[in-house]
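J.: This is the structure I have questions about; it appears just below.
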2 protein chains.
Amino acid sequence: MNKGRVTIPTDDNFIKETMEIAEKWGADGIRDCDGFKLPKEIKGLAERIYSTYFVARGDNKWAEANKEELQQTYLMTKHHVASEDKLRIKIMDGYFSEQVQPDTYHDIKTWWEVIDRTTNKVVDIELWSYDEKSQEVIIEKVDKWHEYTVTFLAYCIWDPTQMYNHITNNWGDKPHEMPFDARKPKSNKYIFEAMHRWLDEHPESNIVRFTTFFYHFTLIFNDLAKEKFVDWFGYSSSVSPEALEAFKEEKGYALRPEDIVDEGYYNSSFRVPSREYLDYIDFQQRFVAENVKKLVDIVHEDGREAMMFLGDNWIGTEPYGKYFSSIGLDGVVGSVGGGATLRMISDIPGVKYTEGRFLPYFFPDTFFEGNDPCMEAKENWITARRALMRKPVDRIGYGGYLSLAYKFPKFVEYIESVCNEFREIYDNIGGNKPYCGLKVGVLNCWGKLRTWQTHMVAHALWYKQIYTYLGVIESLSGMSFDVEFISFDDIKDNGVPNDIDVIINAGDAGTAFSGGEKWLDTEIITTIREWIYNGGGFVGVGEPSAVLYGGHFFQLSEALGVDKELGFSLSTDKYFNSELDKHFITADVTDEIDFGEGQKNVYAKSKDTEIICYKNGDLLMSSNDYGKGRAVYIAGLPYSIENTRILMRSCFYAAHKEDKMKIWYADNLNCEVSAYLESNKYAVINNSHEKQVTFVYDGNGNKTKIELQPGEIKWNKIS
Amino acid sequence: MNKGRVTIPTDDNFIKETMEIAEKWGADGIRDCDGFKLPKEIKGLAERIYSTYFVARGDNKWAEANKEELQQTYLMTKHHVASEDKLRIKIMDGYFSEQVQPDTYHDIKTWWEVIDRTTNKVVDIELWSYDEKSQEVIIEKVDKWHEYTVTFLAYCIWDPTQMYNHITNNWGDKPHEMPFDARKPKSNKYIFEAMHRWLDEHPESNIVRFTTFFYHFTLIFNDLAKEKFVDWFGYSSSVSPEALEAFKEEKGYALRPEDIVDEGYYNSSFRVPSREYLDYIDFQQRFVAENVKKLVDIVHEDGREAMMFLGDNWIGTEPYGKYFSSIGLDGVVGSVGGGATLRMISDIPGVKYTEGRFLPYFFPDTFFEGNDPCMEAKENWITARRALMRKPVDRIGYGGYLSLAYKFPKFVEYIESVCNEFREIYDNIGGNKPYCGLKVGVLNCWGKLRTWQTHMVAHALWYKQIYTYLGVIESLSGMSFDVEFISFDDIKDNGVPNDIDVIINAGDAGTAFSGGEKWLDTEIITTIREWIYNGGGFVGVGEPSAVLYGGHFFQLSEALGVDKELGFSLSTDKYFNSELDKHFITADVTDEIDFGEGQKNVYAKSKDTEIICYKNGDLLMSSNDYGKGRAVYIAGLPYSIENTRILMRSCFYAAHKEDKMKIWYADNLNCEVSAYLESNKYAVINNSHEKQVTFVYDGNGNKTKIELQPGEIKWNKIS
């Protein structure tokens, strides 16, 4: 039993020690890592040998010879005010000339766009010209005091990931890897030939770990060689005249450059997506899936497995996308930062297995003398484990330099216990689904496509504007709920799925996560109102359903029993501000609730609204009955053990299923229970680093007291 | 010198003591107050005897006999969701049946409106009916899960001010005064006859104090007889079929009920006003001015003065309105809560004199045993005095029961000193204008009409959502600046006035005070950009120029050098967050700055933005050069002595006139200097309740050290 399901990196001249650790951790997989190449001798030393493979970079000879086939990106200059009749705009101002260069190979009058941002009108192509030498666009006869931007197509002359590593690690004159574009005719042919050749030349591995495929998420540096723009979901660097022409052919209409640069917001996933952008995503996903499938087929024909790393050049292969399953990949591996990122990997449909790369990465920033890497490892494991209990990845693994980790024996020992615990969990679950008390639908503009990926900017990085909402997703990742991500378009097309108990809508006003103008769609708003009124549960966090219209800011304000004061209704007296003494939702709260960034100026609309938390003139938590249904409002919910319990209780309350909560339940909020009825087993986990005592409720609601050591997991048979 | 310019109330059987206090305070005016009627013997006992007169209430005999001519108001029900095919809406739900009653005298199908708020469509009049008995509107064939409202015309059967006093003071079965409408034919004739009659019957006074004229500001009570809605600027209770028909005649188009109820916001002054609403205001102001002029003429023909109380039924006689001067009133009296309310009165054009009623009001809530009414009096006097120094009212006065004040000899003594100090100030100023270092234009949708009246809801009451902006106005009221209130329409029609140094735009996004969609008017935005670029100063507070468009939230973000993150541009790295060590604007700051409600998520757009204050990831104060001009951003500025100095410095800095600041200037921020060059005098005031030492700078920038006692004012000759 204590063997397998674990992948470790190896290192230069480190085979003996690698095998020693593989033995200790029960690893059956060995991978290369960060520039280091696997030695031929590795072959056969483990069941699974992974080789990293880059499809569209790392072959500068090809790239140099076919520069017109390099990847491209759309860039927008900043706004320039016209103080004279003529305006000169240095288009590369603020961009990194070693990363991108204006594309003058393709007709600039076709592919570039000068826009008067004050009137939102495109400037006639006759009225501007481009000076290649000074890299300036000169606009004639401008309207004075209007602001202008230039959108230009650029070539990407440096792969963003290599650029990042190159600059960060001071790689000096190491060549810049130039990314070539799988959509361009010669390169398209070339990548398949290269795949064949590479397989022939690399017999040592039996798994090709694609890192990744064709298009990098948007990552643009500035003139100081520092990050200027990062969007883990961005499609800007997947464009090209060839792509746009194919789009027109396929979809029957042409995109404008503006459809990509989007006023400089570049279709951030926070923007309510336009129909054009959704079409473009669909179009690229189909192209990428079709072509990646060919690569995967080649790998399979060679008798090996094909695996995708979820990141870097993953654009077009979003695993919850429409075409992903058709690719036929064997597995997906991704980095696990916590519960939500684990579920993002483990829930991926259409592959044989998923693998989570756990933290810490074996890099000198953690593995230095005097530091205890076990701390980060424990935090990472405990945070991710609660999600693992709901839906495990099939494998776990680590990355970085194994030789570094080897120097920390306590760490090596701790990871041994993690590997054993993981396998025990995996085996006990036995592929069965744990008991779920409720089914929750997270409603936003993206739905299924961005399952477990809401509110992210750069992958798993903290931003002041997102942590308040990410907490909802992180909490859900380990909760005994079924979770589905649904879009407004799903609701419009098919109504609310029958099995949903609670809809959660969380986000700032106007964002794709709150929904913005989607709430003005009569079909959508009435479908949701009807559904709640007839008994559905709704939990709104932050500015749910927010868009000013018809006398409401929260379009569901009648259901929620609250609205937000924007100043327009100050004349209406707000009498309702008495917090209830106690409430089902906050029954476990002992300290002040952490609402994160919270909200200001939310108020109760009537005496019927149950005010659960009210501070400094602001309503922060409430519930309201609406017909047979119920709608809970919460100002914000950053991730914590306490807030996880608040969200769980909010959902049971909203669903009118308070009496169903204490089933496979631990009353100590540091503990959680997962029951696998088909396996006839249940587990109780301690998510804290302290000893805990808790009552555990079984499937009939009978309780037993148990004690758990810090971070402990206890398994029991269902009697 | 120590006589005159002061009005006092008198009381029942209190003539001897009244004369004693009049002598002490140098009062030359005596007024009646709160229900108490002046005795005949009062005649001749003072130069000025004021009698309160109500034009449109207080004559229930007339009102009873002409019930169809009572005043009216438009009311909107709350939103009702249709859960069945038929919807019944109890229209009086939440309203106070003793105050308002549905008007079925006029055709309801003409004057009422049922609206589907989900589609924003008016429901066909064939599809609804009204059951008078149950006071229900029954709507047939509704769209299920849409929300509906009913807008109905109601009669006002109780004057709101009398209702408020009646309920507050438990007046029991004292009759409810019913307000009749000067626009309706019989009542219009009647009010002039009544005026004549009243003058005949009341020879004791020589000044008629109108309290006020025809229409009360909007004040609606709820079914619990408590305030439901209050808008000191609201026109809702000035409507009637007769008015709306006359409007159509005059303006050439018909208003809809929706133009008045405005989705339930009732055209709050926070709403960017619609053309229809502005037309309606204009229309009513003209009518009111014409008819009030007739009343004033009658008073004048009788050899008396006509004075207006600024409040209660003042709708249509806004003193900064277009038609006000044409009325020919002798004076205006209003309540002084601080500097801004003082200037609101003292700056009124087109009257012979203005009078400020100071606090405290002689009521038992302040004048009770054990309390020291001097505290409130001192605070009121010192706060208002700095505004008085800039532009004095011509008279001051007090209200309430004089017999109450009489029992507090220390208070009587303190007010004596206030009256003397007021007369000294008034005489020293001698009608001359003080030196102004700058001219500031406060820019919003209302401009001149609402001079010194921005961000108010109920007169001078505190609201969490307004104090952060009211501070700007209160600070300005006593600053050595010329202040003008300008509207976006002024800018559009005439550009920025030539003599303006600094434009201030302060308010929450979307409100009339920030400007909302006005910033999308190409003429307005380019005019302001050009003006700043060519050397103008701009100070933005809160969410200036905020409306999402063209890649900016702040439409002046290029000038301000800052914008607000709504989530859409999270992908763009925000590098600029280092606060400057020191800055001209904050040179006098010692403690943490109070930004009031402040702002979140404002960020600097480039390294050129001077970051003056940055806390917890949010930029709170900055400045940016834009061409030859400059734009200062401040997150919020509640009133305080410290913030007054910050605003003053911000304006000098924005105007590039830092070197002009130390002219008639006190470096101790508790002190202010006003210089009257034509009077050859200057005054230094201590705005604190502590002793202060300050350098005082004269017109050449030469400084002298002086010491001031708590609250002291010192006068000097200009040498």
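J.: I'd like the residue in region A:365-404 that is among the β-branched types (Val, Ile, Thr), in contact with a helix residue (DSSP H, G or I) (Cβ under 7 Å, 6 or more places away or on another chain) and open to solvent by 10 Å² or more (accessible area, probe 1.4 Å) and, out of all such residues, is nearest to A:Ser480 (Cα to Cα).
T.: Taking region A:365-404 first, the residues among the β-branched types (Val, Ile, Thr) are A:366, A:382-383, A:393, A:396.
With the extra rule that they be in contact with a helix residue (DSSP H, G or I) (Cβ under 7 Å, 6 or more places away or on another chain), the set shrinks to A:366, A:383, A:393, A:396.
Applying the additional criterion that residues be open to solvent by 10 Å² or more (accessible area, probe 1.4 Å) yields A:366, A:383.
Values: A:Thr366: 34, A:Thr383: 15 Å.
Among residues in region A:365-404 that are among the β-branched types (Val, Ile, Thr), in contact with a helix residue (DSSP H, G or I) (Cβ under 7 Å, 6 or more places away or on another chain) and open to solvent by 10 Å² or more (accessible area, probe 1.4 Å), the one nearest to A:Ser480 (Cα to Cα) is A:Thr383.
J.: Given the criterion surrounded by 16 or more Cβ atoms within 10 Å (Cβ to Cβ), assigned to a loop (DSSP other than H, G, I, E, B) and not acidic (Asp, Glu), identify the matching residue among A:Phe229, A:Phe270, A:Phe247, A:Phe283.
T.: A:Phe270
J.: Looking only at residues in region A:149-174 that are in contact (Cβ under 8 Å) with a residue 24 or more places away in the chain and in a loop (DSSP other than H, G, I, E, B), which one is most open to solvent (accessible area, probe 1.4 Å)?
T.: Of everything passing the filter in region A:149-174, A:Ile157 is most open to solvent (accessible area, probe 1.4 Å).
Every residue, every condition in (1) open to solvent by 30 Å² or more (accessible area, probe 1.4 Å); (2) at pLDDT 95 or above; (3) of a type in the set (Gly, Ala, Ser), yes or no:
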{"position": "B:Ala63", "(1), (2), (3)": "no, yes, yes"}
{"position": "B:Lys67", "(1), (2), (3)": "yes, yes, no"}
{"position": "B:Gln71", "(1), (2), (3)": "no, yes, no"}
{"position": "B:Tyr74", "(1), (2), (3)": "no, yes, no"}
{"position": "B:His79", "(1), (2), (3)": "no, yes, no"}
{"position": "B:Ala82", "(1), (2), (3)": "no, yes, yes"}
{"position": "B:Arg88", "(1), (2), (3)": "yes, yes, no"}
{"position": "B:Gln99", "(1), (2), (3)": "no, yes, no"}
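J.: List the number of the failed condition for A:Cys651; all other conditions in (1) assigned to a helix (DSSP H, G or I); (2) surrounded by fewer than 22 Cβ atoms within 10 Å (Cβ to Cβ) hold.
T.: Looking at each condition in turn, A:Cys651 falls short on (2).
J.: Shifting gears a bit: Condition first: under 19 Å from B:Cys651 (Cβ atoms) and open to solvent by less than 40 Å² (accessible area, probe 1.4 Å). Now tell me which residues in region B:596-610 satisfy that.
T.: B:Gly596, B:Thr609
J.: Taking the stated definitions as given, is A:Lys322 open to solvent by 30 Å² or more (accessible area, probe 1.4 Å), of a type outside the set (A, V, I, L, M, F, W, C) and either under 20 Å from the mean Cα position of the chain (by Cα) or under 30 Å from A:Glu543 (Cα atoms) (or both)? Lay out the reasoning, then the answer.
T.: On the way: open to solvent by 30 Å² or more (accessible area, probe 1.4 Å): yes; of a type outside the set (A, V, I, L, M, F, W, C): yes; either under 20 Å from the mean Cα position of the chain (by Cα) or under 30 Å from A:Glu543 (Cα atoms) (or both): yes.
The answer is yes for A:Lys322.
J.: Testing A:Tyr575 on (1) open to solvent by less than 70 Å² (accessible area, probe 1.4 Å); (2) at the interface with chain B (Cβ under 8 Å from one of its Cβ atoms), one condition comes back false. Which one is that?
T.: In the conditions (1) open to solvent by less than 70 Å² (accessible area, probe 1.4 Å); (2) at the interface with chain B (Cβ under 8 Å from one of its Cβ atoms), A:Tyr575 misses (1) alone.
J.: Would you confirm whether any residue within region B:44-60 is within 14 Å of chain A (Cβ to nearest Cβ), surrounded by 18 or more Cβ atoms within 10 Å (Cβ to Cβ) and of a type outside the set (Lys, Arg)?
T.: no
J.: Another question, if that's okay. Return the residues of region B:250-263 that are buried (at least 19 other Cβ atoms within 10 Å of the Cβ) and either more than 27 Å from the chain's Cα centre (by Cα) or of a type in the set (Asp, Glu) (or both); say none if nothing qualifies.
T.: B:Asp259, B:Asp262, B:Glu263
J.: Which residues, counting only those in region A:591-608, are part of a loop (DSSP other than H, G, I, E, B) and either without any contact (Cβ under 8 Å) to a residue 40 or more places away in the chain or of a type outside the set (Asp, Glu) (or both)?
T.: Just the residues of region A:591-608 that are part of a loop (DSSP other than H, G, I, E, B), to begin with: A:591-601, A:605-608.
Passing the criteria: A:Glu592, A:Ile593, A:Phe595, A:Gly596, A:Gly598, A:Gln599, A:Lys600, A:Asn601, A:Lys605, A:Ser606, A:Lys607.
J.: Given the conditions (1) at the interface with chain A (Cβ under 10 Å from one of its Cβ atoms); (2) free of Cβ contacts under 8 Å to residues at least 60 places away in the same chain; (3) buried (at least 20 other Cβ atoms within 10 Å of the Cβ); (4) not acidic (Asp, Glu), and given that B:Ile524 satisfies all but one, which numbered condition is not satisfied?
T.: Condition not satisfied by B:Ile524: (1).
J.: When region A:475-519 is examined, which residues are found to be of a type outside the set (A, V, I, L, M, F, W, C), touching a strand residue (DSSP E or B) at 6+ places or on another chain (Cβ under 6 Å) and away from chain B (no Cβ under 14 Å)?
T.: Scanning region A:475-519 gives A:Asp482, A:Glu484, A:Asp499, A:Asp501, A:Asn505.
J.: For region A:474-494, which residues satisfy the criterion of being more than 21 Å from A:Lys518 (Cα to Cα) and open to solvent by 10 Å² or more (accessible area, probe 1.4 Å)?
T.: First pass over region A:474-494, keeping only residues more than 21 Å from A:Lys518 (Cα to Cα): A:474-483.
Correct list: A:Glu474, A:Ser480, A:Asp482, A:Val483.
J.: Could I ask something else about it? Take the residues of region A:250-264 that are in a loop (DSSP other than H, G, I, E, B) and either within 13 Å of chain B (Cβ to nearest Cβ) or touching a residue at least 24 places away in the same chain (Cβ under 8 Å) (or both): which is farthest from A:Leu153 (Cα to Cα)? Quick ask: steps written out before the conclusion?
T.: The first filter runs over region A:250-264 and keeps only residues in a loop (DSSP other than H, G, I, E, B), leaving A:252-256.
Going one step further and asking which of them are either within 13 Å of chain B (Cβ to nearest Cβ) or touching a residue at least 24 places away in the same chain (Cβ under 8 Å) (or both), we end up with A:255-256.
Working: A:Leu255: 14, A:Arg256: 12 Å.
Among them, the one singled out is A:Leu255.
J.: Out of all the residues in region B:128-148, is one or more under 35 Å from the mean Cα position of the chain (by Cα) and open to solvent by less than 30 Å² (accessible area, probe 1.4 Å)? Full working, then the answer.
T.: Filtering region B:128-148 for residues under 35 Å from the mean Cα position of the chain (by Cα) gives B:147-148.
If we keep only those that are open to solvent by less than 30 Å² (accessible area, probe 1.4 Å) as well, we get B:147-148.
Yes, that holds for at least one residue.
J.: Now for a separate question. Condition first: assigned to a helix (DSSP H, G or I) and either under 27 Å from B:Met456 (Cα atoms) or of a type in the set (Lys, Arg) (or both). Now tell me which residues in region B:232-243 satisfy that.
T.: Looking only at region B:232-243, we keep the residues that are assigned to a helix (DSSP H, G or I), and these are B:236-238, B:241-243.
The answer is B:Ser236, B:Ser237, B:Ser238, B:Ala243.
J.: Please state which of the following conditions A:Leu461 fails to meet, knowing it meets all the rest: (1) under 22 Å from A:Glu543 (Cβ atoms); (2) within 14 Å of another protein chain (Cβ to nearest Cβ).
T.: For A:Leu461, the exception is condition (1).
J.: Just checking, which of A:Leu570, A:Leu556, A:Leu548, A:Leu566 is open to solvent by less than 30 Å² (accessible area, probe 1.4 Å), of a type in the set (A, V, I, L, M) and within 8 Å of another protein chain (Cβ to nearest Cβ)? Give the derivation first.
T.: Values: A:Leu556 fails: within 8 Å of another protein chain (Cβ to nearest Cβ); A:Leu548 fails: open to solvent by less than 30 Å² (accessible area, probe 1.4 Å); A:Leu566 fails: open to solvent by less than 30 Å² (accessible area, probe 1.4 Å).
Going through A:Leu570, A:Leu556, A:Leu548, A:Leu566 in turn, just one is open to solvent by less than 30 Å² (accessible area, probe 1.4 Å), of a type in the set (A, V, I, L, M) and within 8 Å of another protein chain (Cβ to nearest Cβ): A:Leu570.
J.: Could you pull out the residue among B:Glu204, B:Glu227 that is within 14 Å of chain A (Cβ to nearest Cβ), farther than 27 Å from B:Phe287 by Cβ and not hydroxyl-bearing (Ser, Thr, Tyr)? Steps first, answer last, please.
T.: Details: B:Glu204 fails: within 14 Å of chain A (Cβ to nearest Cβ).
Result of the check over B:Glu204, B:Glu227: B:Glu227.
J.: What are the pairs, 6+ residues apart or on separate chains, where a residue within region A:682-711 that is surrounded by 21 or more Cβ atoms within 10 Å (Cβ to Cβ) has its Cβ under 8 Å from a residue that is among the basic types (Lys, Arg) and assigned to a loop (DSSP other than H, G, I, E, B)?
T.: Sorted first by the residue in region A:682-711, then by its partner, the pairs are A:Leu708/A:Lys691.
J.: Let me ask something else. Does B:Ala631 satisfy the criteria of being more than 30 Å from the chain's Cα centre (by Cα), open to solvent by less than 10 Å² (accessible area, probe 1.4 Å), away from chain A (no Cβ under 12 Å) and over 30 Å from B:His689 (Cα atoms)? I'd like the intermediate steps shown before the answer.
T.: Working: more than 30 Å from the chain's Cα centre (by Cα): no; open to solvent by less than 10 Å² (accessible area, probe 1.4 Å): yes; away from chain A (no Cβ under 12 Å): yes; over 30 Å from B:His689 (Cα atoms): yes.
No.
J.: Any idea which residue in region B:205-220 is nearest to the chain's Cα centre (by Cα), counting only those that are open to solvent by 10 Å² or more (accessible area, probe 1.4 Å) and farther than 30 Å from B:Glu47 by Cα?
T.: Only one residue tops the list, namely B:Phe217.
J.: Going through region A:184-213 one residue at a time, which ones are closer than 23 Å to A:Gly399 by Cα and either touching a His at 6+ places or on another chain (Cβ under 8 Å) or assigned to a loop (DSSP other than H, G, I, E, B) (or both)?
T.: Listed by number, the residues that qualify are A:His202, A:Pro203, A:Glu204, A:Ser205, A:Asn206, A:Thr211, A:Thr212, A:Phe213.
J.: Related question: Kindly indicate the residue of region B:581-595 that is open to solvent by less than 70 Å² (accessible area, probe 1.4 Å) and over 20 Å from B:Phe553 (Cβ atoms) and also nearest to the other protein chains (Cβ to nearest Cβ) among those meeting that condition. Even if it seems obvious, please write down each step before you answer.
T.: Going residue by residue through region B:581-595, those that are open to solvent by less than 70 Å² (accessible area, probe 1.4 Å) are B:583-589, B:593, B:595.
With over 20 Å from B:Phe553 (Cβ atoms) added as a condition, the list becomes B:583-589, B:593.
Numbers: B:His583: 24, B:Phe584: 25, B:Ile585: 24, B:Thr586: 24, B:Ala587: 30, B:Asp588: 29, B:Val589: 25, B:Ile593: 19 Å.
Among residues in region B:581-595 that are open to solvent by less than 70 Å² (accessible area, probe 1.4 Å) and over 20 Å from B:Phe553 (Cβ atoms), the one nearest to the other protein chains (Cβ to nearest Cβ) is B:Ile593.
J.: Kindly check whether there is at least one residue in region A:415-426 that is small (Gly, Ala, Ser), out of contact with any Leu (no Cβ under 8 Å at 6 or more places or on another chain) and surrounded by fewer than 18 Cβ atoms within 10 Å (Cβ to Cβ). Steps first, please.
T.: Looking only at region A:415-426, we keep the residues that are small (Gly, Ala, Ser), and these are A:417.
Adding the requirement that they be out of contact with any Leu (no Cβ under 8 Å at 6 or more places or on another chain) leaves A:417.
Still in the running and surrounded by fewer than 18 Cβ atoms within 10 Å (Cβ to Cβ): A:417.
Yes.
The values are calculated or read from the model by the stated rules, or taken from the named source; none is laboratory data. In this text, all values refer to a predicted model and were calculated from it rather than measured experimentally. Ideal geometry is used to build each Cβ from the backbone, glycine not excepted, and the neighbour counts take in all protein chains shown. We work out accessible area using only protein heavy atoms, side chains counted, and drop any ligands, DNA or RNA first. Shrake-Rupley method; radii C 1.70, N 1.55, O 1.52, S 1.80 Å.
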